[in-house]
Amino acid sequence: MTAEVITGIAELTTNDPELGRIRDAAVVIEGGLVAWVGEAAAAPDADTRTDLGGRALLPGWVDAHTHLVFAGDRSAEFEHRMAGHAYAAGGIRTTVAATRDASDDELRAGLASRRAAARAQGTTWMEIKTGYGLDVEEEARLARLAAEVSPDVTFLGAHVVPPGVGADEYVALVTGDMLEAVRPWVRWIDVFCERGAFTPEQSRAVLEAGRAAGLGLRVHGNQLGEGEGVRLAVELGAASVDHCNHLSAADIDALGASGTVATLLPACDLSTREPFPPARALIDAGATLAIASNANPGTSNTTSMPFCVATAVLQMRLTVEEAVWAATAGGARALGRHDGPGALGGIAPGFRADLLAIDAPSISHFAYRPGMDLTYGVWEAGVRAL
């Protein structure tokens, strides 16, 4: 195996509590993993050398919440919402119709384009949900296509209830034939526990069926108002509960005392004009935060994790370091990929060598220069992708 040493790192963000942020650093990658980290003066020899010329290096973004497989356009709905109309979950059905009409090749091309756009801004790992099929054949198709791009595919058949079907009848389909059909391609199951979508009782049924099938649990919760989503996620030991805009004090305490990650979606909050989650209160309570893009055609049509990080700093009052950690190490925790050989979200020996070099000397520039394209180089499993 050949080894590459990356030098000329003005600031190295490791997300390791002992290593911290290292100035004038170097990193050695070998066999797709980080092999060595430290000060440049102590760097070992390697087969090849890359000099970043005084730029910052951090882990690649781990985007733990996307709806990346879809067809169609909902810009008219967005414009309607910007004119003052409230967001409602029912707009999902517009995307369902367009997605069902699209061919495999059309969906595959859209998926590839969005994945490339995410990589161009430093995203090296993405979770991808189904949820725009809403029948057995279509959900299985979306799961199969998503699995061509990511090992972290989430079954979200319980996105909304399709027209013409009773809610309980549809839940029975999701937990029965649909779950069986998607099972070869998915690692997770998710449910939209929200008014206009699924009740807490229906959501519990979906999650328990997924767990019985060997899937990890995720929850869309507390986006449009206070509800049972957070409490259900914590009770069932879900890996994450996502959105978390409307939290009671009890919800915050429950997340702080649990292993369930609160995944925050700042770009979606801007687009829907929902209140931002109480990020500072969550951190103060001891909760683990992730930041994700929620890339989808209706409420967050972006794959830009730098935009989400800048928004979290400027609008949610996270520090830059907290926001970057949430968008890397936090995302890895939300996906259960933060430990062991090949772990994501950090730069330390044994971690997968997913790296982002930026054309700036410090991660502070993500918020200091919001909206600027700072990507200089991207490595995925030790291979330079950009």
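The values are calculated or read from the model by the stated rules, or taken from the named source; none is laboratory data. Small disclaimer: the values here were computed from a predicted structure and weren't measured. Glycine gets a Cβ as well: all are built from the backbone with ideal geometry, and neighbour counts include every protein chain shown. Just so you know, the surface numbers come from the protein's heavy atoms only, side chains and all, with ligands and any DNA or RNA stripped out. Shrake-Rupley method; radii C 1.70, N 1.55, O 1.52, S 1.80 Å.
Observations on the model:
- Filtered residue count, the stretch 149-164, keeping only those that are farther than 14 Å from Gly196 by Cα and at pLDDT below 95: 1
- Counting only strands (runs of 3 or more DSSP E) that sit wholly inside the stretch 1-76, those with at least 3 residues that are open to solvent by less than 10 Å² (accessible area, probe 1.4 Å) and in contact (Cβ under 8 Å) with a residue 40 or more places away in the chain are 3-13, 48-59, 61-63.
- Scanning the stretch 197-233 for residues that are open to solvent by 40 Å² or more (accessible area, probe 1.4 Å) and either within 19 Å of Ala290 (Cα to Cα) or among the hydroxyl-bearing types (Ser, Thr, Tyr) (or both) yields Thr199, Arg231.
- For the stretch 331-343, a residue qualifies if it is of a type outside the set (Gly, Ala, Ser), open to solvent by 10 Å² or more (accessible area, probe 1.4 Å) and touching a residue at least 40 places away in the same chain (Cβ under 8 Å), and the qualifying residues are Arg333, Arg337, Pro341.
- Restricting the stretch 369-378 to residues that are surrounded by fewer than 18 Cβ atoms within 10 Å (Cβ to Cβ) and not in a loop (DSSP other than H, G, I, E, B), the residue that is nearest to the chain's Cα centre (by Cα): Thr375
- For the stretch 99-146, the set of residues classified as open to solvent by less than 20 Å² (accessible area, probe 1.4 Å), in contact with a helix residue (DSSP H, G or I) (Cβ under 6 Å, 6 or more places away or on another chain) and among the polar types (S, T, N, Q) consists of Thr123, Thr130, listed by residue number.
- The set of residues in the stretch 168-196 being within 27 Å of Arg337 (Cβ to Cβ), touching a strand residue (DSSP E or B) at 6+ places or on another chain (Cβ under 8 Å) and hydrophobic (A, V, I, L, M, F, W, C) consists of Val174, Met178, Leu179, Val182, Trp185, Val186, Trp188, Ile189, Val191, Phe192, Cys193.
- All of Gly164, Gly176, Gly131, Gly214 fail the test of being assigned to a loop (DSSP other than H, G, I, E, B), within 22 Å of Leu236 (Cβ to Cβ) and out of contact with any Phe, Trp or Tyr (no Cβ under 9 Å at 6 or more places or on another chain), apart from Gly214.
- Exclusive hit being surrounded by 18 or more Cβ atoms within 10 Å (Cβ to Cβ), among the polar types (S, T, N, Q) and either within 30 Å of Asn222 (Cα to Cα) or in contact with a strand residue (DSSP E or B) (Cβ under 6 Å, 6 or more places away or on another chain) (or both), set Thr311, Thr319: Thr311
- Pair list, Cβ under 9 Å, 6 or more apart: the stretch 304-326 residue closer than 21 Å to His67 by Cα, other residue of a type in the set (S, T, N, Q) and open to solvent by 30 Å² or more (accessible area, probe 1.4 Å): Ser304/Gln121; Met305/Gln121; Pro306/Gln121; Pro306/Thr375; Phe307/Gln121; Cys308/Thr302; Ala326/Thr288
- Residues that are surrounded by 20 or more Cβ atoms within 10 Å (Cβ to Cβ) and either part of a loop (DSSP other than H, G, I, E, B) or not aliphatic (A, V, I, L, M) (or both), drawn from the stretch 344-368: Leu344, Gly345, Gly346, Ile347, Phe351, Arg352, Ala353, Asp354, Ile363, Phe366
- A single entry from Val165, Val149 fulfils the requirement of being at negative phi, of a type outside the set (S, T, N, Q), touching a strand residue (DSSP E or B) at 6+ places or on another chain (Cβ under 8 Å) and open to solvent by 40 Å² or more (accessible area, probe 1.4 Å): Val149.
- Pairs, first free of Cβ contacts under 8 Å to residues at least 12 places away in the same chain in the stretch 156-177, second open to solvent by 40 Å² or more (accessible area, probe 1.4 Å) and not aromatic (Phe, Trp, Tyr), C-beta under 8 Å, six or more apart: Val165/Leu173
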